[in-house]
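This report concerns only the one structure given below.
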Amino acid sequence: MRDTLSLLDKISFPAIRRGKLDTLQINVGYRCNQSCFHCHVNAGPTRTEEMTGDVADIVLEFLERRRIGTLDITGGAPELNVHFRNLVRGARSLGAKVMDRCNLTIMEQPGQEDLAEFLAAHTIEVVASMPCYLEGNVERQRGKGVFDASIRGLQKLNALGYGRDPRLILNLVYNPQGPSLPPSQVSLEADYKCVLGEQYGIVFNKLFVLANMPIQRFGSTLITNGEFEGYLDLLRDAHLDVNLDGVMCHHLISVDWRGFVYDCDFNQMLDLPLLHDNNRVHLSDLLDDDIEGNSIRVAGHCYGCTAGQGSSCGGALNEAAE
Ligand code: SF4
Ligand code: SF4
């Protein structure tokens with residue numbers, strides 16, 4: 001894979017600082033049943049990195065000690081980590097909202113047949129990747145058979161009340177196929193609701209529209225195709241200062257499978273950790289420390305968060321920008 005960080009590091013980005021921490025995003029491992037082209041984690045079936053029970057215990061201790069309201073669990077396919085369900089139960093018993101970034105096809109993997117029921121029983125918010133409502137586009141990006149399996153997964157979640165019961169939130173995630181800015185979240189959400197509703201009877205709450213980050217597998221392909229500079233120019237030209245206040249690193253930290261801390265998931269994938277005296281910060285170091293007001297490690301990829309309508313783990317920041 002081509003190195004993107006050395007290119008991104010040369011691009012300046014406005015200085016930003018942390019606000020009040022309210023969300024702990026944890027990456028519990030890079031193993032995934034899929035190997036999507038745009039995956040910024042470079043996840044796949046052969047990855048072996050996985051959060052251990054000891055680190056999972058620190059996650060729960062951190063949630064409790066720091067009174068963090070939201071645990072956002074990602075991967076890979078997070079459900080493949082053997083500690084996933086204990087983390088969910090522990091966080092819910094502390095009263096935290098839990099989000100599962102689910103690829104939908106995982107529900108058909110051996111041992112995951114009861115996953116949907118488990119998520120519903122613990123009122124877990126499901127954030128599901130669905131890069132298009134058209135089969136061909138989904139399969140080009142995510143692999144053969146993924147569209148049908150995703151539709152079956154959504155129908156299963158709907159049958160349990162997801163998207164209908166106000167306690168069972170189902171949000172979908174869209175990202176463009178290639179090096180272009182995503183379309184308007186408002187109009188694309190309306191299109192998704194129309195097509196998925198009419199053709200498959202699927203309902204969901206919101207569509208999160210995200211820009212592709214020029215890192216990992218996607219960034220490497222851009223370099224190979226000679227499109228990296230052009231995509232960075234596109235993001236930079238579309239940057240809006242108004243989006244700076246909404247970027248997710250203001251209120252979130254991202255924790256890797258070993259327990260090391262980053263300003264966001266993208267910095268985690270670029271290996272841009274939080275540092276203290278030039279040493280990596282571990283989540284256990286922050287049980288009593290407050291990092292509000294600290295500066296955030298930025299580089300060229302950050303324009304992926306501030307271009308156009310903006311992009312965060314909760315979708316567009318500024319829908320009016322379209
Ligand atoms: S399903 Fe998600 S984590 Fe897995 S390869 Fe695709 S984008 Fe990456
Ligand atoms: S890429 Fe990460 S650090 Fe940069 S603006 Fe986005 S959330 Fe913040």
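Read-outs throughout are calculated quantities, based only on the coordinates presented, and are distinct from any laboratory measurement. These figures come from a predicted structure and were not determined experimentally. All Cβ positions, even for glycine, are placed from backbone atoms using ideal geometry, and neighbour counts span all protein chains on display.
Listing for the model above:
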{"item": "Computed over region 167-223, the ratio Rg/Rh where both radii use C-alpha atoms and Rh is Kirkwood", "result": "1.08"}
{"item": "Region 153-270 - Kirkwood radius from inverse mean 1/r over Cα pairs (Å)", "result": "16.9"}
{"item": "Using θ = phi - 60° and Karplus 6.51 cos²θ - 1.76 cosθ + 1.60, couplings along region 270-284 (whole Hz; Gly, Pro as x)", "result": "8, 6, 10, x, 5, 10, 9, 6, 6, 10, 4, 8, 9, 4, 5"}
{"item": "Per residue convex hull volume, Cα atoms of region 16-66, in Å³", "result": "114"}
{"item": "Long pairs among Lys10/Lys206; Lys97/Lys206; Lys144/Lys193; Lys20/Lys97, criterion Cα-Cα beyond 25 Å", "result": "Lys10/Lys206"}
{"item": "Kyte-Doolittle mean at least 1.6, axial Cα span of 20 Å or more - DSSP H helices of the chain", "result": "none"}
{"item": "Net charge over other residues, Cβ less than 11 angstrom from the Cβ of Val203 (K, R count +1; D, E count -1)", "result": "+1"}
{"item": "Cα convex hull volume per residue for region 1-115 (Å³)", "result": "136"}
{"item": "Ratio Rg/Rh [Cα only; Rh per Kirkwood] for region 1-40", "result": "1.07"}
{"item": "Computed over the chain, the ratio Rg/Rh where both radii use C-alpha atoms and Rh is Kirkwood", "result": "0.94"}
